[in-house]
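Asker: So that we are looking at the same thing, I have put the structure below in structure tokens.
The values are calculated or read from the model by the stated rules, or taken from the named source; none is laboratory data. Remember, it's a predicted structure, so these values are computed and weren't measured experimentally. FYI the Cβ positions are ideal-geometry reconstructions off the backbone, even for glycines, and counts take in every protein chain you see. Heavy atoms of the whole protein, side chains included, go into the accessibility calculation; ligands, DNA and RNA do not. Shrake-Rupley method; radii C 1.70, N 1.55, O 1.52, S 1.80 Å.
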Amino acid sequence: MPMTEKEAIARTVQHYVDGARSGSSTEMRRAFHEDATIFGYEGDSLFAGPIQRLFDWHDQNGAAVDIRADIVNVDIATTIATVRLELDNWTGTNYTDLFTLLKIDGRWKIMNKVFHIRTSGAVSAAG
């Protein structure tokens with residue numbers, strides 16, 4: 001039975017999570033388009049630029065063996081999609097990630113990641 005679009009998107013996001021858990025930016029890279037970007041705040045400092053910044057940070061930070069990941073929302077419009085991913089205990093930090101994805105040559109790729117560092121485990125679905 002063919003994979004649904006939602007399942008295909010979840011599989012793309014899983015490469016990101018698996019890379020985080022294993023410490024492998026090579027595995028993580030499989031989820032992203034080569035020209036993808038990242039934006040978010042680390043305290044008062046804007047972390048922004050090419051997705052390579054995430055891979056470089058991850059290679060220094062190491063494996064997040066106890067990470068917990070939950071896709072809480074997927075919105076699909078034919079060849080574009082958004083995903084909200086809640087991550088708990090990425091080496092002690094909790095994140096909310098929002099991804100935009102594009103279907104390119106039949107495969108979903110993350111084009112942009114924006115993130116928020118949560119100060120507690122509490123997750124708010126409110127906008």
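Asker: Here are Ile80, Ile71, Ile76: which of them is free of Cβ contacts under 8 Å to residues at least 24 places away in the same chain, over 17 Å from Ser24 (Cα atoms) and surrounded by 13 or more Cβ atoms within 10 Å (Cβ to Cβ)? Explain how you work it out, then say what you get.
Answerer: Values: Ile71 fails: free of Cβ contacts under 8 Å to residues at least 24 places away in the same chain; Ile76 fails: free of Cβ contacts under 8 Å to residues at least 24 places away in the same chain.
The unique qualifying residue is Ile80.
Asker: Here's another thing I want to ask about it. All but one of (1) open to solvent by less than 50 Å² (accessible area, probe 1.4 Å); (2) within 16 Å of Gly19 (Cβ to Cβ); (3) free of Cβ contacts under 8 Å to residues at least 60 places away in the same chain hold for Ala36; state the number of the condition that does not hold.
Answerer: Every listed condition holds for Ala36 apart from (3).
Asker: Check Asp66 against each of (1) in contact with a strand residue (DSSP E or B) (Cβ under 6 Å, 6 or more places away or on another chain); (2) surrounded by 12 or more Cβ atoms within 10 Å (Cβ to Cβ); (3) closer than 19 Å to Thr91 by Cβ and name the one condition it does not meet.
Answerer: So Asp66 meets the others, but not (2).
Asker: I'd like the residue in segment 39-55 that is charged (D, E, K, R) and over 15 Å from the mean Cα position of the chain (by Cα) and, out of all such residues, is surrounded by the fewest Cβ atoms within 10 Å (Cβ to Cβ). Can you show your working first?
Answerer: Start the filter on segment 39-55 by keeping residues that are charged (D, E, K, R), which leaves 42, 44, 53.
Now narrow it down to the ones that are over 15 Å from the mean Cα position of the chain (by Cα): 42, 44.
Numbers: Glu42: 11, Asp44: 5.
Among those that are charged (D, E, K, R) and over 15 Å from the mean Cα position of the chain (by Cα), it is Asp44.
Asker: Follow-up question, since we're still on this one. Inside segment 1-29, can you point out the residues that are more than 21 Å from Arg68 (Cβ to Cβ) and not polar (S, T, N, Q)? Give the steps one after another, and end with the answer.
Answerer: First, pick out the residues of segment 1-29 that are more than 21 Å from Arg68 (Cβ to Cβ): 1-5, 8, 26, 29.
Once the filter is applied, which keeps residues that are more than 21 Å from Arg68 (Cβ to Cβ) and not polar (S, T, N, Q), segment 1-29 yields Met1, Pro2, Met3, Glu5, Ala8, Arg29.
Asker: I would also like to ask the following. Quick check on my filter: what residues within segment 83-95 are over 18 Å from Glu27 (Cα atoms) and open to solvent by less than 20 Å² (accessible area, probe 1.4 Å)?
Answerer: The answer is Val83, Glu86.
Asker: Would you please list the contacts, defined by Cβ atoms under 6 Å and residues six or more apart or on different chains, that run from a residue in segment 49-63 that is in contact (Cβ under 8 Å) with a residue 24 or more places away in the chain to a residue that is open to solvent by less than 20 Å² (accessible area, probe 1.4 Å)?
Answerer: Here the result reads Ile51/Phe32; Ile51/Ala36; Ile51/Ile38; Leu54/Ile38; Phe55/Ser25; His58/Ser25; Asp59/Ser25, each pair linking segment 49-63 to a residue that is open to solvent by less than 20 Å² (accessible area, probe 1.4 Å).
Asker: Also: Name the single residue, out of those in segment 9-33 being without any contact (Cβ under 8 Å) to a residue 40 or more places away in the chain and open to solvent by less than 20 Å² (accessible area, probe 1.4 Å), that is farthest from Leu85 (Cα to Cα).
Answerer: Once the filter is applied, the top-ranked residue is Ser25.
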